[in-house]
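Written out below as structure tokens is the structure these notes cover.
The values are calculated or read from the model by the stated rules, or taken from the named source; none is laboratory data. Quantities reported herein were computed from a predicted structural model and do not represent experimental measurements. Don't worry about glycine lacking a Cβ; one is built from the backbone with ideal geometry, like all the others, and counts go over all protein chains shown. SASA here: full protein model, heavy atoms, side chains in, ligands and nucleic acids out. Shrake-Rupley method; radii C 1.70, N 1.55, O 1.52, S 1.80 Å.
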Amino acid sequence: MLHFPEGFRWGSATAAHQIEGNNVNTDWWAREHAPGTTIAEPSGDACDSYHRFREDMQILADVGLGTYRFSLEWARIEPEKGFVSRAELDHYRRMVDTARELGIEPMVTLHHFTIPRWFDAEGGWFAPDAVDRFTRFTESVLPVLDGVELICTINEPNMVAMFAGDDSAPTEPATLQAFGQPAPNPRVADVLLAAHRSAREVLAAAGPFRSGWTVATQDFQPEPGCEELTRAYGYPRDAWFLEAARGDDWVGVQAYTRTKIGPDGPLPIPADAEKTLTGWEYYPRALEDGVRLAHAMAPGVPVFVTENGIATADDSRRIAYTRGALTGLHAAMADGIQVEGYLYWSLLDNYEWGSFAPTFGLVAVDRRTFLRTAKPSSRWLGEVARANALESSA
Ligand code: BGC
């Protein structure tokens, strides 16, 4: 058996726009419905988790997973610049209270990709007062966060800065993989870091929160002779964001696959490699590599696996992938890297930024009836969590 340390947290993660439904005030909703959009499918009702969050948390509790990471929707809380909806604050407060009632520890993300339309119209992260707007938003949600220990300020700032494109041309994200994407916009990266630090200051002054941000680690791997090139390619794309977490309370690692780097940059996935429903290479070891990189870039900062998972229609591959990822995670921890918890992405089959087709969920959702069906993988992960140990496959 591979044992995990006492107090290790097991759970699953979601994000508001991907599950709530009818998230009409976000930049994403606007883009989903813009004439000529390249987005394949709109988010629509998504999983209707805006109304069914209790049911979702109940499933999590029933299978034995004790931590739930979910995000607040800024566009609901502040639908117009400067107007903060008390009713929406109450809604998210109910989510925190419900989690607690069910014995679940909430981890709350303040920003997970979507922004209010008004903020988008003003330039989003390019807006001159972007840091100030995010700071005020953080202040406004303090009543929701009261008593919550773990706060994620910004989800995957490296992807957010990547999607920002250059200053003249925002990139429409076609895929969430780094392959073929531009490097993160350095100006936006700096703004996001300033926003992160400012939010952390607000939190530090308000309570005993433990905050951090979560980075999409890309597991860039060099072809022989391309070691230097790979370091230079990867640094602005993920390592910089991990390094910027020095001094934070924890740093989130979100790992899915790897990208090989040859003399001319990223290489396509070999034709014979197993691919997941997102078209990514099946590569469970990405988690161990991401955790080791986080530790190298931010030594001494505890790591939290805030996302790791696979889009597949074959639930037995989900179990195999997760088992592989956890085995690698355990190896990194055995080398002395402090890791506080593991959250599987995602709890539900959700809106994967343009399509419902890539199913990452531990739980299936009928898109017409919203009926939830827990998959065998949810029970398997719940058993691992209860045992706080993984049966080693060797
Ligand atoms: C994001 C999630 C996304 C997941 C799988 C991460 O980049 O934080 O929102 O659904 O990867 O694509």
Query - Filtered residues of the range 303-313 (kept if open to solvent by less than 20 Å² (accessible area, probe 1.4 Å) and either more than 19 Å from the chain's Cα centre (by Cα) or more than 16 Å from the ligand (Cβ to nearest atom) (or both)) - result: Val303
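Any residue that is of a type in the set (Ser, Thr, Tyr) and in contact (Cβ under 8 Å) with a residue 40 or more places away in the chain - is there at least one of those in the range 224-244?
So the first thing to find is which residues in the range 224-244 are of a type in the set (Ser, Thr, Tyr), and the list is 230, 233, 235.
Adding the requirement that they be in contact (Cβ under 8 Å) with a residue 40 or more places away in the chain leaves none.
There is no residue in the range 224-244 that is of a type in the set (Ser, Thr, Tyr) and in contact (Cβ under 8 Å) with a residue 40 or more places away in the chain.
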Query raised in the report: Failed condition for Arg100, given (1) of a type outside the set (Ser, Thr, Tyr); (2) open to solvent by 10 Å² or more (accessible area, probe 1.4 Å); (3) part of a strand (DSSP E or B), with all others met?
Result: (3)
Query raised in the report: Has the range 204-213 got at least one residue that is crowded, with 20+ Cβ neighbours inside 10 Å and without any contact (Cβ under 8 Å) to a residue 60 or more places away in the chain?
Result: no
**Report entry** Residue within the range 42-52 that is modelled with pLDDT of 95 or more and closer than 17 Å to Val148 by Cβ present
**Finding:** no
**Report entry** Tally of residues being open to solvent by 30 Å² or more (accessible area, probe 1.4 Å) and at pLDDT 70 or above across the range 180-192
**Finding:** 6
Report summary line: Listed by first then second residue, the pairs whose first member lies in the range 22-43 and is without any contact (Cβ under 8 Å) to a residue 12 or more places away in the chain, whose partner is among the β-branched types (Val, Ile, Thr) and outside any loop (DSSP other than H, G, I, E, B), with beta carbons under 8 Å and at least 6 positions apart or on separate chains, are none
Query raised in the report: Glu227 is checked against (1) farther than 20 Å from Glu105 by Cα; (2) open to solvent by less than 60 Å² (accessible area, probe 1.4 Å) and fails just one. What number does that condition carry?
Result: (2)
Report task. Give the range 135-151 a look and list any residue that's farther than 18 Å from His91 by Cβ, in contact with a strand residue (DSSP E or B) (Cβ under 7 Å, 6 or more places away or on another chain) and either open to solvent by 20 Å² or more (accessible area, probe 1.4 Å) or of a type in the set (Ser, Thr, Tyr) (or both), or say none. Result -> Glu149
**Report entry** Residues that are more than 16 Å from the ligand (Cβ to nearest atom) and open to solvent by less than 20 Å² (accessible area, probe 1.4 Å), drawn from the range 264-287
**Finding:** Gly265
Query - Any helices (runs of 4 or more DSSP H) falling wholly within the range 1-68 and containing at least 2 residues that are open to solvent by 10 Å² or more (accessible area, probe 1.4 Å) and of a type in the set (Val, Ile, Thr) - result: 49-63
Query raised in the report: Here are some conditions: (1) of a type in the set (A, V, I, L, M, F, W, C); (2) outside any helix (DSSP H, G or I); (3) open to solvent by 50 Å² or more (accessible area, probe 1.4 Å); (4) more than 16 Å from the ligand (Cβ to nearest atom). Ile261 meets all but one. Which one does it not meet?
Result: (3)
Report summary line: Of Gln218, Gln177, the only residue that is surrounded by fewer than 22 Cβ atoms within 10 Å (Cβ to Cβ) and either modelled with pLDDT under 95 or within 24 Å of Leu110 (Cα to Cα) (or both) is Gln177
Report task. Answer with yes or no whether Ser316 is over 30 Å from Pro42 (Cβ atoms) and either within 16 Å of the ligand (Cβ to nearest atom) or part of a loop (DSSP other than H, G, I, E, B) (or both). Result -> no
